[in-house]
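Here is the structure we will look at, set down as structure tokens.
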Amino acid sequence: MKQSVFDTSSSDSQGTLVKPVSVDSFDVPAYAEYCSGLEEKCRAFWASQEGTLVYRRFRVPQVFAGQCKDMELSLGLQLAALKQSMDFAMDIPNFLEPWYGIGTVPAAYGAEYVWYDDQAPATLPLFRTVEEALAAEPKPIAETPVGRHILNMIEYFLEKTCGKVPMSFSDVQSPLNSASYLVETSEFFITFMDDPEAVLKLLERVTDLTIEFYEKQVKMIGQSLVLPGHGFASSRAFRGIGFSDDNSTMLSGQIHQDMCGPSMIRLGEAFDGFAFHSCGNWSAKIENIKTLRGLKTVDGAFTPQTDPAPNPTRPFGDSFSKTGVCVNARMVGSGDEIIKTTRELKKSAMKLIVVTYCSDPEEQKKVFNEIHSME
């Protein structure tokens with residue numbers, strides 16, 4: 001088998017390029033029926049303590065870059081991906097997402113997006129210290145330009161699809177990630193040692209803002225809502241809010257558990273649990289993450305083409321077997337590599353979703369059948 005390496009020339013190793021389609025040309029009833037046909041399998045999987053599902057993720061690069069500001073184009077690209085996805089064998093349908101950057105909490109403090117060419121919108125730190133951030137008075141995210149755009153996008157997507165196409169809420173960042181966007185990076189992490197109480201207070205404050213904004217989205221999306229959302233395989237049958245916690249790599253496992261765990265748990269409690277994501281190899285923190293009440297799902301990259309620092313398979317298979325916690329395993333690569341990696345990862349009594357990015361339906365069908373033959 002050809003050696004697998006991360007492609008540094010690709011702007012999105014997990015992306016699938018499509019051409020946008022018009023809303024009128026997308027068969028909403030057909031897609032709704034397709035999703036309904038897969039829902040019972042998702043429901044049975046979620047109710048079980050073990051099992052394996054296969055999901056071919058369709059992530060459109062433009063949707064998660066500068067073109068996210070155009071909600072009509074974003075919808076057209078996502079509908080094209082949904083239409084194409086129906087040709088690929090999988091157990092979990094793809095969904096719409098009202099993605100508009102990760103700057104929701106910074107927006108509450110007055111941050112505005114910076115638009116670099118061909119990049120996702122960015123925000124710059126607003127405060128020099130944690131104390132300065134605590135002295136500031138944020139407004140509800142829904143009242144900011146970023147928040148209003150996301151809510152308007154949800155309304156637009158629902159209107160154009162008659163509320164019949166599954167949809168997640170917008171990208172969620174963990175309290176740690178959100179707080180780190182507010183304060184200059186070095187100063188922020190030094191404060192974990194110099195004034196941990198101040199950090200805890202800031203984490204609580206951004207948790208309040210996050211819960212309020214995403215509860216609003218849940219109410220708006222209603223019966224179309226799929227969980228955990230964003231980068232996770234998601235379904236109406238699944239539970240828990242999914243969030244990115246990439247900055248956990250900056251802290252020891254115990255400090256992260258003690259300092260960030262309470263706000264993560266509280267965020268999860270508002271949404272019937274949580275799903276944890278970090279880029280890179282976060283296997284050293286598995287045992288700390290496992291202790292957090294409400295953990296439903298963990299996400300990781302498991303092949304070199306997915307992430308330049310993929311996770312080793314054995315710690316995840318050993319640690320999450322017999323726990324009922326779902327492992328959402330992303331695997332960019334050939335069908336043979338996906339099958340090989342799945343065999344290494346999969347343990348008895350494990351709850352596993354294999355996330356593939358196969359380039360054609362034939363390869364996907366081979367992977368789909370081979371993985372299900374392992375059960």
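The values are calculated or read from the model by the stated rules, or taken from the named source; none is laboratory data. The shown structure was predicted, so the numbers you read here are calculated from the model rather than taken from an experiment. Cβ sites come from the backbone with ideal geometry, for glycine too, and all protein chains shown count toward neighbours.
Quick look at the values:
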item: Residue satisfying all of: in the stretch 48-85; part of a loop (DSSP other than H, G, I, E, B) and of a type in the set (Gly, Ala, Ser); surrounded by the fewest Cβ atoms within 10 Å (Cβ to Cβ) among these; result: Ser48
item: Answer from Cys260, Cys279 - the residue that is part of a helix (DSSP H, G or I) and closer than 29 Å to Tyr214 by Cβ; result: Cys260
item: Scan of the stretch 229-260 for residues that are in contact (Cβ under 8 Å) with a residue 12 or more places away in the chain and more than 24 Å from Ala309 (Cα to Cα), ordered by number; result: Ser234, Ser235, Arg236, Ala237, Phe238, Arg239, Gly240, Ile241, Met259
item: Candidates Leu209, Leu176, Leu158, Leu182 - the one that is more than 29 Å from Asp258 (Cα to Cα) and modelled with pLDDT of 95 or more; result: Leu158
item: The listed residue being assigned to a loop (DSSP other than H, G, I, E, B) and under 30 Å from Ser235 (Cα atoms), out of Tyr116, Tyr100; result: Tyr100
item: Check on Asn328, in a loop (DSSP other than H, G, I, E, B) and surrounded by 23 or more Cβ atoms within 10 Å (Cβ to Cβ); result: no
item: Given (1) within 22 Å of Ser48 (Cβ to Cβ); (2) buried (at least 23 other Cβ atoms within 10 Å of the Cβ); (3) of a type outside the set (Gly, Ala, Ser), index of the condition Arg343 fails; result: (2)
item: Which numbered condition Tyr34 misses (of (1) farther than 26 Å from Leu352 by Cβ; (2) free of Cβ contacts under 8 Å to residues at least 60 places away in the same chain); result: (1)
item: Candidate set: the stretch 119-142, residues that are under 20 Å from Ser74 (Cβ atoms) and part of a loop (DSSP other than H, G, I, E, B); chosen: the one modelled with the lowest pLDDT; result: Gln119
item: Count - residues of the stretch 221-240 that are buried (at least 17 other Cβ atoms within 10 Å of the Cβ) and farther than 14 Å from Asn328 by Cβ; result: 5
item: Qualifying residue in the stretch 291-313 (condition: surrounded by fewer than 18 Cβ atoms within 10 Å (Cβ to Cβ), part of a helix (DSSP H, G or I), of a type outside the set (Phe, Trp, Tyr) and more than 17 Å from the chain's Cα centre (by Cα)); result: no
item: Residue list for the stretch 143-161, restricted to those being more than 13 Å from Leu75 (Cα to Cα) and surrounded by fewer than 22 Cβ atoms within 10 Å (Cβ to Cβ); result: Glu143, Pro145, Arg148, His149, Leu151
item: Every pair of residues 6+ apart whose Cβ atoms lie under 7 Å, when the first sits in the stretch 38-59 and is closer than 17 Å to Leu345 by Cβ while the second is in a strand (DSSP E or B) and polar (S, T, N, Q); result: Val54/Thr356
item: The stretch 313-324 residues that are farther than 17 Å from His277 by Cβ, paired with ones that are crowded, with 17+ Cβ neighbours inside 10 Å and of a type in the set (A, V, I, L, M) (beta carbon under 7 Å, 6 or more apart); result: Thr313/Leu345; Gly317/Leu345; Gly317/Met350; Ser321/Met350
item: Count of residues meeting criterion [part of a helix (DSSP H, G or I) and surrounded by 14 or more Cβ atoms within 10 Å (Cβ to Cβ)] in the stretch 177-189; result: 9
item: Residue identified as surrounded by fewer than 15 Cβ atoms within 10 Å (Cβ to Cβ), of a type in the set (Gly, Ala, Ser) and touching a helix residue (DSSP H, G or I) at 6+ places or on another chain (Cβ under 9 Å) among Ser11, Ser36; result: Ser11
item: Condition met for Asp7 (among the charged types (D, E, K, R) and within 15 Å of Thr161 (Cα to Cα)); result: no
